[in-house]
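Here's the structure, in C-alpha coordinates; my notes come after.
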Amino acid sequence: MKIVGICASPRKGNSELALKILLDSTKQKGAEINLVLLRNFNIGFVGTKKKDDFDKKILPRIVGADALIFASPVYYDMVSPQLLNLIDRLNPHANLMKNKNLEVILCGTASFRSSGKNAVDYLERVAEIYNMKFIGYVFGRVEKAGEIAKDKNTISKLRKFGAKLVK
(Lines give C-alpha, C1' and ligand atoms only; values in the text may rest on other atoms or scores of the structure.)
Protein backbone atom coordinates (compact mmCIF):
# COMPACT_ATOMS: atom_id res chain seq x y z
CA MET A 1 0.00 0.00 0.00
CA LYS A 2 1.27 3.47 -0.89
CA ILE A 3 0.40 6.24 1.53
CA VAL A 4 1.04 9.96 1.15
CA GLY A 5 0.97 12.00 4.31
CA ILE A 6 0.41 15.68 3.66
CA CYS A 7 1.21 18.12 6.43
CA ALA A 8 -0.57 21.41 5.83
CA SER A 9 0.90 23.34 8.71
CA PRO A 10 2.90 26.45 7.86
CA ARG A 11 5.35 25.58 10.63
CA LYS A 12 6.94 22.56 12.27
CA GLY A 13 4.70 21.57 15.14
CA ASN A 14 2.00 19.24 16.39
CA SER A 15 0.37 18.43 13.05
CA GLU A 16 3.66 17.31 11.56
CA LEU A 17 4.63 15.32 14.64
CA ALA A 18 1.24 13.58 14.74
CA LEU A 19 1.48 12.77 11.04
CA LYS A 20 4.94 11.27 11.46
CA ILE A 21 3.70 9.06 14.31
CA LEU A 22 0.81 7.80 12.18
CA LEU A 23 3.02 7.27 9.11
CA ASP A 24 5.54 5.36 11.20
CA SER A 25 2.81 2.95 12.30
CA THR A 26 1.80 2.36 8.66
CA LYS A 27 5.42 1.81 7.67
CA GLN A 28 5.77 -0.81 10.42
CA LYS A 29 2.83 -2.64 8.84
CA GLY A 30 4.56 -2.65 5.45
CA ALA A 31 3.19 0.47 3.79
CA GLU A 32 5.30 2.56 1.46
CA ILE A 33 5.09 6.11 2.78
CA ASN A 34 5.74 9.52 1.33
CA LEU A 35 5.75 12.62 3.52
CA VAL A 36 4.82 15.95 1.94
CA LEU A 37 5.37 19.10 3.98
CA LEU A 38 3.39 21.71 2.06
CA ARG A 39 5.40 24.53 3.63
CA ASN A 40 8.41 23.36 1.58
CA PHE A 41 6.61 23.73 -1.74
CA ASN A 42 5.49 26.65 -3.86
CA ILE A 43 1.82 26.04 -4.64
CA GLY A 44 -0.05 28.87 -6.30
CA PHE A 45 -3.76 29.51 -6.14
CA VAL A 46 -6.28 28.25 -8.68
CA GLY A 47 -6.13 30.38 -11.78
CA THR A 48 -2.56 31.53 -11.20
CA LYS A 49 -0.58 31.33 -14.42
CA LYS A 50 2.84 31.14 -12.73
CA LYS A 51 4.65 27.82 -12.70
CA ASP A 52 4.77 26.17 -9.30
CA ASP A 53 5.48 22.80 -7.68
CA PHE A 54 1.98 21.36 -7.85
CA ASP A 55 1.94 19.59 -11.24
CA LYS A 56 5.40 18.05 -11.08
CA LYS A 57 6.15 17.58 -7.39
CA ILE A 58 2.83 17.20 -5.56
CA LEU A 59 0.22 15.77 -7.94
CA PRO A 60 2.26 12.71 -9.05
CA ARG A 61 2.73 11.65 -5.43
CA ILE A 62 -0.99 11.96 -4.73
CA VAL A 63 -2.03 10.18 -7.92
CA GLY A 64 0.29 7.26 -7.16
CA ALA A 65 -1.07 6.78 -3.64
CA ASP A 66 -3.67 4.34 -2.38
CA ALA A 67 -4.38 6.52 0.63
CA LEU A 68 -3.92 10.12 1.71
CA ILE A 69 -3.52 11.46 5.20
CA PHE A 70 -4.19 15.17 5.63
CA ALA A 71 -2.69 16.68 8.78
CA SER A 72 -3.62 20.24 9.62
CA PRO A 73 -3.88 22.67 12.47
CA VAL A 74 -7.38 24.00 13.04
CA TYR A 75 -7.75 27.72 12.48
CA TYR A 76 -11.13 29.28 13.30
CA ASP A 77 -12.93 25.93 12.97
CA MET A 78 -11.35 25.12 9.62
CA VAL A 79 -8.27 23.45 8.17
CA SER A 80 -5.25 25.57 7.30
CA PRO A 81 -5.25 27.80 4.22
CA GLN A 82 -2.47 25.61 2.82
CA LEU A 83 -4.76 22.57 2.85
CA LEU A 84 -7.68 24.54 1.44
CA ASN A 85 -5.45 25.65 -1.42
CA LEU A 86 -4.27 22.09 -2.10
CA ILE A 87 -7.86 20.84 -2.19
CA ASP A 88 -8.76 23.63 -4.63
CA ARG A 89 -5.84 22.67 -6.85
CA LEU A 90 -6.92 19.01 -6.78
CA ASN A 91 -10.41 19.84 -8.04
CA PRO A 92 -9.59 19.51 -11.78
CA HIS A 93 -8.07 16.11 -10.95
CA ALA A 94 -10.99 14.83 -8.86
CA ASN A 95 -11.35 11.79 -11.11
CA LEU A 96 -7.83 10.73 -10.03
CA MET A 97 -8.86 10.78 -6.36
CA LYS A 98 -11.61 8.20 -6.85
CA ASN A 99 -11.50 5.25 -4.43
CA LYS A 100 -8.50 6.54 -2.48
CA ASN A 101 -8.73 6.29 1.29
CA LEU A 102 -8.58 9.52 3.27
CA GLU A 103 -7.59 9.85 6.90
CA VAL A 104 -7.39 13.17 8.73
CA ILE A 105 -5.32 14.45 11.62
CA LEU A 106 -6.31 17.74 13.18
CA CYS A 107 -4.64 19.64 16.01
CA GLY A 108 -6.38 22.50 17.76
CA THR A 109 -6.37 24.50 20.96
CA ALA A 110 -10.08 24.09 21.72
CA SER A 111 -12.19 20.98 22.17
CA PHE A 112 -13.12 18.95 19.13
CA ARG A 113 -16.74 19.97 19.38
CA SER A 114 -15.94 23.67 19.35
CA SER A 115 -12.94 23.54 17.03
CA GLY A 116 -12.47 20.43 14.91
CA LYS A 117 -15.97 19.30 14.02
CA ASN A 118 -16.48 21.85 11.24
CA ALA A 119 -13.10 20.98 9.72
CA VAL A 120 -13.89 17.24 9.79
CA ASP A 121 -17.33 17.85 8.26
CA TYR A 122 -15.68 19.83 5.47
CA LEU A 123 -13.11 17.11 4.74
CA GLU A 124 -15.80 14.40 4.78
CA ARG A 125 -17.64 16.42 2.14
CA VAL A 126 -14.45 16.81 0.07
CA ALA A 127 -13.96 13.03 0.21
CA GLU A 128 -17.55 12.54 -0.93
CA ILE A 129 -17.15 14.99 -3.83
CA TYR A 130 -13.89 13.33 -4.93
CA ASN A 131 -15.38 9.83 -4.49
CA MET A 132 -12.82 8.98 -1.83
CA LYS A 133 -13.41 6.73 1.16
CA PHE A 134 -13.28 8.78 4.36
CA ILE A 135 -11.73 6.46 6.95
CA GLY A 136 -11.89 8.83 9.90
CA TYR A 137 -9.93 11.32 11.93
CA VAL A 138 -7.80 11.84 15.01
CA PHE A 139 -8.06 15.13 16.85
CA GLY A 140 -5.32 16.27 19.20
CA ARG A 141 -6.04 19.08 21.63
CA VAL A 142 -2.85 21.06 22.09
CA GLU A 143 -1.77 24.46 23.32
CA LYS A 144 1.93 24.63 22.43
CA ALA A 145 4.20 23.35 19.66
CA GLY A 146 5.41 19.80 20.29
CA GLU A 147 2.86 19.21 23.04
CA ILE A 148 1.28 16.27 21.23
CA ALA A 149 4.42 14.23 21.95
CA LYS A 150 3.31 14.09 25.61
CA ASP A 151 -0.29 13.08 24.89
CA LYS A 152 -0.19 9.30 25.28
CA ASN A 153 -3.89 8.91 24.45
CA THR A 154 -3.62 10.73 21.11
CA ILE A 155 -0.38 8.91 20.25
CA SER A 156 -2.11 5.59 20.89
CA LYS A 157 -5.03 6.62 18.65
CA LEU A 158 -2.61 7.69 15.89
CA ARG A 159 -0.77 4.36 15.98
CA LYS A 160 -4.01 2.34 15.92
CA PHE A 161 -5.39 4.53 13.15
CA GLY A 162 -2.27 3.98 11.04
CA ALA A 163 -2.40 0.21 11.53
CA LYS A 164 -6.11 0.21 10.61
CA LEU A 165 -5.39 1.98 7.33
CA VAL A 166 -2.93 -0.69 6.19
CA LYS A 167 -5.23 -3.65 6.94
### Query
Which members of the range 120-153 meet the condition of being crowded, with 20+ Cβ neighbours inside 10 Å, in a helix (DSSP H, G or I) and at pLDDT below 95?
Ile148
### Query
Which one is modelled with the lowest pLDDT among residues in the range 105-119 that are under 14 Å from Asn14 (Cβ atoms) and surrounded by 18 or more Cβ atoms within 10 Å (Cβ to Cβ)?
Ser115
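Find the residue count for the range 98-119, including only residues that are under 26 Å from Gly146 (Cα atoms) and in a loop (DSSP other than H, G, I, E, B).
Number satisfying all stated conditions: 3.
Just name the residue that is surrounded by the most Cβ atoms within 10 Å (Cβ to Cβ) out of those in the range 1-24 that are in a strand (DSSP E or B) and of a type outside the set (D, E, K, R). Explain how you work it out, then say what you get.
Filtering the range 1-24 down to residues in a strand (DSSP E or B) leaves 2-7.
From the residues that got through so far, the ones that are of a type outside the set (D, E, K, R) too are 3-7.
Working: Ile3: 24, Val4: 22, Gly5: 25, Ile6: 23, Cys7: 29.
Here the residue is Cys7.
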### Task
Scan Lys51, Lys57 and give me the residue that is in a loop (DSSP other than H, G, I, E, B) and either over 23 Å from Gly146 (Cβ atoms) or of a type in the set (Ser, Thr, Tyr) (or both).
Lys51
### Query
Pairs, please: C-beta under 7 Å, at least 6 apart or cross-chain, first residue more than 23 Å from Gly140 (Cα to Cα) and in the range 60-88, second in a helix (DSSP H, G or I)?
Val63/Leu96
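The values are calculated or read from the model by the stated rules, or taken from the named source; none is laboratory data. Only a predicted model underlies this, so the values are computations on that prediction, with no experimental measurement involved. Don't worry about glycine lacking a Cβ; one is built from the backbone with ideal geometry, like all the others, and counts go over all protein chains shown.
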